[in-house]
Amino acid sequence: MSDRIENVGLQGMICGLDSKPRKFSTCLECKHRVCRDYFVRAFAENVFPVNEGEYHVTEGVGPPAITKFRRENPYYLPQEALVDMALGTAFHQWVELANTTPRDEPVGRTSHEVHRTYQLGPYKLVGTMDICDFEAKEIVDIKVCGAYRTKQLLSKATKGEEDEYFHQVNVYRAAFMPDARKLGLDVFLKDFSGFAQRTYKLKDRIYPINVQIYDAGQELEMVFDNIEQSLLDEPRNCTPEETWNGMRCKKFCPNYLCMCYQGPSYNPTDVT
Ligand code: SF4
Ligand code: SF4
């Protein structure tokens, strides 16, 4: 069992009333009730653990600058980002209900939410494959995405371009299921508004995407390099690709120490 690193990772919210960071424990005492207490409690009681030497596949395929920040700092996100996270988590838990087999011992043709670990040099790589078809040898990852990201994934798959999410399922294959011969994403569009439909020309709610298979050895090397980068004092800059051409910096990145951060800025010393 790896040692847990305390007081890092998501610790609370950036308050919608004054844009200051609040610990979940403070929010639970809040009189304004802008954020419902069960919503706050669900986050407060299920803080994603950060363990020494243990990396999730999503960290291994993500920008090292974000991985470093998340693992070394407490951070706070605005309410809308937490709602997005809750939607994604709820969706995955709902899918898990369809599974009748124990989580770690898949039997039969298809299993959902299959946890696996892989020793990558000194690092323990952990991951959860959303859907595994052991007969068809297929891995599918479920994504609940906004219109911009959905359109981007569809476009990249059509053009044969790479993406972090495509690498994620490829790393699942490389580390956890080397005989997999089919990879995919099931993208569920969460903002099916008229605006999203008109702007991004998205007419469906669900988009199954076939993911190209990459070289397994190179995938594991990439993960190893990203982890090592995240341990440097100054990891490499995010590429435009990794910042989703700036969209990630503006809306989704918690790394307020990054020079390019453009999201809702706050002063960590203001935390209450
Ligand atoms: S619950 Fe927290 S984030 Fe929401 S209004 Fe109160 S202090 Fe602000
Ligand atoms: S703000 Fe942008 S460039 Fe900076 S770490 Fe986040 S995603 Fe990378």
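Brief remarks on what is shown
- When restricted to residues that are aliphatic (A, V, I, L, M) and over 30 Å from ARG198 (Cα atoms), segment 113-159 contains 8.
- Members of segment 217-247 found to be part of a helix (DSSP H, G or I) and of a type in the set (Gly, Ala, Ser), listed by number: GLY217, SER230
- Matching residues, segment 37-78, being more than 14 Å from the chain's Cα centre (by Cα), more than 13 Å from SER230 (Cα to Cα) and part of a helix (DSSP H, G or I): ASP37, TYR38, PHE39, VAL40, ARG41, ALA42, PHE43, ALA44
- Pairs with Cβ under 8 Å, 6+ apart, first in segment 236-250 and at negative phi and more than 8 Å from ligand 2 (Cβ to nearest atom), second assigned to a helix (DSSP H, G or I) and among the aromatic types (Phe, Trp, Tyr): MET247/TYR148
- Tabulated pairs, segment 7-30, first within 16 Å of ligand 2 (Cβ to nearest atom), second modelled with pLDDT under 85 and of a type in the set (Phe, Trp, Tyr), C-beta under 6 angstrom, 6+ apart or interchain: GLY9/PHE48; ILE14/TYR266
- Positions within segment 21-30 being more than 8 Å from ligand 1 (Cβ to nearest atom) and more than 18 Å from ASN46 (Cβ to Cβ), in sequence order: PRO21, GLU29
- Of all residues in segment 248-260 being surrounded by 15 or more Cβ atoms within 10 Å (Cβ to Cβ) and either part of a loop (DSSP other than H, G, I, E, B) or among the aliphatic types (A, V, I, L, M) (or both), the one that is farthest from ligand 1 (Cβ to nearest atom): CYS258
- Consider segment 43-57 and keep the residues that are out of contact with any helix residue (DSSP H, G or I) (no Cβ under 7 Å at 6 or more places or on another chain), of a type outside the set (Asp, Glu) and modelled with pLDDT under 90. The one that is nearest to ligand 2 (Cβ to nearest atom) is PHE48.
- Note on segment 129-144: residues that are out of contact with any helix residue (DSSP H, G or I) (no Cβ under 7 Å at 6 or more places or on another chain) and part of a strand (DSSP E or B) amount to 5.
- Test: residue in segment 157-168 that is more than 16 Å from VAL223 (Cα to Cα), assigned to a helix (DSSP H, G or I), in contact (Cβ under 8 Å) with a residue 60 or more places away in the chain and not β-branched (Val, Ile, Thr): no
- Just one of (1) within 16 Å of ligand 2 (Cβ to nearest atom); (2) more than 19 Å from the chain's Cα centre (by Cα) fails for ASN210. It is (1).
- Taking the numbered list (1) at pLDDT 95 or above; (2) assigned to a loop (DSSP other than H, G, I, E, B); (3) among the hydroxyl-bearing types (Ser, Thr, Tyr) in turn, TYR207 passes all entries but (2).
- Per this entry, GLY88 is not counted among residues that are under 30 Å from GLN229 (Cβ atoms), away from ligand 1 (no atom under 11 Å from the Cβ) and either modelled with pLDDT of 90 or more or of a type in the set (S, T, N, Q) (or both).
- Only one of the listed residues (MET177, MET129) is modelled with pLDDT of 95 or more and of a type in the set (A, V, I, L, M, F, W, C). That residue is MET177.
- Unique residue being in contact with a Lys or Arg (Cβ under 6 Å, 6 or more places away or on another chain), surrounded by 13 or more Cβ atoms within 10 Å (Cβ to Cβ) and either within 22 Å of GLY146 (Cα to Cα) or at pLDDT 95 or above (or both) when the list is LEU185, LEU202: LEU185
- The residues of segment 78-91 that are surrounded by 15 or more Cβ atoms within 10 Å (Cβ to Cβ) and over 15 Å from ASN46 (Cα atoms), listed by number, are PRO78, GLN79, ALA81, ASP84, PHE91.
The values are calculated or read from the model by the stated rules, or taken from the named source; none is laboratory data. The model shown is predicted, which means the values in this text are computed figures rather than measured ones. Every residue, glycine as well, gets a Cβ built from its backbone with ideal geometry; the counts of neighbours run over all protein chains shown.
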